[in-house]
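The values are calculated or read from the model by the stated rules, or taken from the named source; none is laboratory data. Being a predicted model, the structure only gives us computed values, none of them experimental. So basically every Cβ, Gly included, is an ideal-geometry build from the backbone, and we count neighbours across all protein chains shown. Please note that ligands, DNA and RNA were not included when accessible areas were found on the heavy atoms of the full protein model with its side chains. Shrake-Rupley method; radii C 1.70, N 1.55, O 1.52, S 1.80 Å.
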Amino acid sequence: MTLILGIESTCDETGCAVVKNGSEILSNVVASQVELHKVYGGVVPELACRQHVDMIIPVIDQAIKDAGVTLDDIDIISVAKGPGLIGALLIGLNAAKALSFAINKPFIGINHVEAHLYAAMMGHLDTITFPSLGVVISGGHTFLLHISDVGKYQAIGTTVDDAIGEAFDKVAKILGLPYPGGPAIESLAKSGDPHHYPFKSGTIKGRPLNFSFSGLKTSVLYTIKGQGASKHSPLIINDDEKRHVAASFQNTAFTDIVKKVSLALEQHDFQSVFFGGGVSNNSAIRDMVEQENIGIPVFWPPRELTQDNAAMIAGLAYHYRSNLPEGDPLDLEPMTRIPSFHCP
Ligand code: KG4
Ligand code: ZN
């Protein structure tokens, strides 16, 4: 049996979890900072860091307590090493290093984006057959990945500009919706007509599996504030039209994702599909994928694992336990960006 403690602090959630053998979640504590940042309409990095400093020890204590274990029982300490906000990463990373040093247990740095995808895999490890298609739809990343095994990925599509979650957040902001933008758009879209506005997602010449959401975002801006407007210009639409904008934007963005997922399935012999990242919390994309009748198993993370959490970090670390990096692990530096799709 291997018990792994995971720490997550890449953005605005402080998390700690204890996971047994890569999939059995004994505890998963998340201290969200949503209320703190809401008033500013987005994450304020300096405030996020201060909150991580305040929360990291209580969250670790609570995760140990909830799991019904002691620190002595932990075999490995893992932490999200990036990508994320530099100050936020440093707090989780240094807490993990200190813990690893204090209890004399090995320490592993984990790629946060890869962990988002692992959130959908962790309950199905006994039945997965590879190769699989990984679909990362998150705040900072949009990827289609060829997965030949846990830890073995090749990017086959990515965004050339905004990530899908970033597009949701920016459109929400120009619509005057509260942060975080994704859930606010999903909720407003429920009472809107998804075909009211003929928005279009971007296509990239010669690279059919790549994404572009920046043009879509600009069309939304011009529709709701007028041609050539800036994001600070006033809205020129009423509340009913706002609902249609949210619904049409969401429908356009998700239709594009589903279309490219279907194309990737035509081009490769995938056995299953895994979705991951904050946007995979959205019911509209889950329904759209279901209606597509893909013909192979499709896995989504449980709702509580779609948002940032440390269970996905501790779970994934299990697969790297026999592959610890050479040299002094305490030298590991945070990685605010991890070039293309790079795994530990
Ligand atoms: O995966 P994540 O933690 O981001 C990164 O790790 O980069 O997810 C955060 C993103 C935000 O952009 C947020 O607006 C979006 O996920 N999100 C959603 C929903 N819930 C969260 N987007 C659309 N619909 C939702 N229900
Ligand atoms: Zn995340």
Under 5 Å between amide hydrogens, which residues at least 5 positions from Phe211 or on another chain qualify, with H placed 1.01 Å from N in the peptide plane? Thr158, Thr159, Val160
Size of charge dipole - the chain - debye, nearest 20, with Cβ of Lys, Arg +1 and Asp, Glu -1, no other charges: 920 debye
Can you pull the three principal axis extents for the Cα set of the range 5-113, in Å, largest first? 41, 24, 23
For the chain, give the share of DSSP beta bridges that are antiparallel, in percent and rounded to the nearest 5; count only bridges with both residues there. 60 percent
How many Å² of accessible area per residue for the chain, probe 1.4 Å? 44 Å²
Using Cα pairs under 8 angstrom and six or more residues apart, how large is the relative contact order of the range 262-344, in percent? 29 percent
Tabulate in residue order the Karplus-calculated ³J(HN,Hα) for the range 130-146, using 6.51 cos²θ - 1.76 cosθ + 1.60 with θ = phi - 60°, rounded to whole Hz; enter x for Gly and Pro. 9, x, 10, 9, x, 10, 9, 10, 9, x, x, 8, 9, 9, 10, 10, 8
Picking from Gly215, Gln291, Ser248, whose Cα lies most toward the positive end of the charge dipole for the range 205-294 (charges on Cβ: Lys, Arg +1; Asp, Glu -1)? Gly215
Positive-end residue, the range 55-101 charge dipole about Cα centroid, Cβ charges, pick of Ala88, Ile76, Ile56: Ala88
Taking Lys and Arg as +1 and Asp and Glu as -1, residues besides Ala310 with C-beta under 11 Å from its C-beta add up to -3
Mean separation of Cα contacts under 8 Å (6+ apart) over length of the range 83-209, as relative contact order %: 13 percent
Which ³J(HN,Hα) values in Hz, rounded to whole numbers, follow from the phi angles of the range 78-83 under the Karplus curve 6.51 cos²θ - 1.76 cosθ + 1.60, where θ = phi - 60° and Gly and Pro get x? 10, 8, 6, 8, x, x
For the chain, give the percent of accessible area contributed by carbon and sulfur heavy atoms, probe 1.4 Å, rounded to a whole number. 51 percent
Long-range amide H partners of Val69 with built H, under 5 Å: none
Binning every alpha carbon pair distance of the range 12-54 at 5 Å from zero, what are the percents per bin? 5, 22, 24, 16, 12, 11, 9, 2, 0
Rounded to the nearest 500 deg cm²/dmol, what is the calculated helix-only ellipticity per residue at 222 nm for the chain, with -39500 (n - 2.57) per DSSP H run of length n ≥ 4? -12500 deg cm²/dmol
Mean separation of Cα contacts under 8 Å (6+ apart) over length of the chain, as relative contact order %: 25 percent
Determine ³J(HN,Hα), in whole Hz, for all residues of the range 183-197 in sequence, where each value follows from phi through the Karplus function 6.51 cos²θ - 1.76 cosθ + 1.60 and θ = phi - 60°; x replaces Gly and Pro. x, 5, 5, 4, 5, 5, 5, 4, 9, x, 8, x, 10, 5, 10
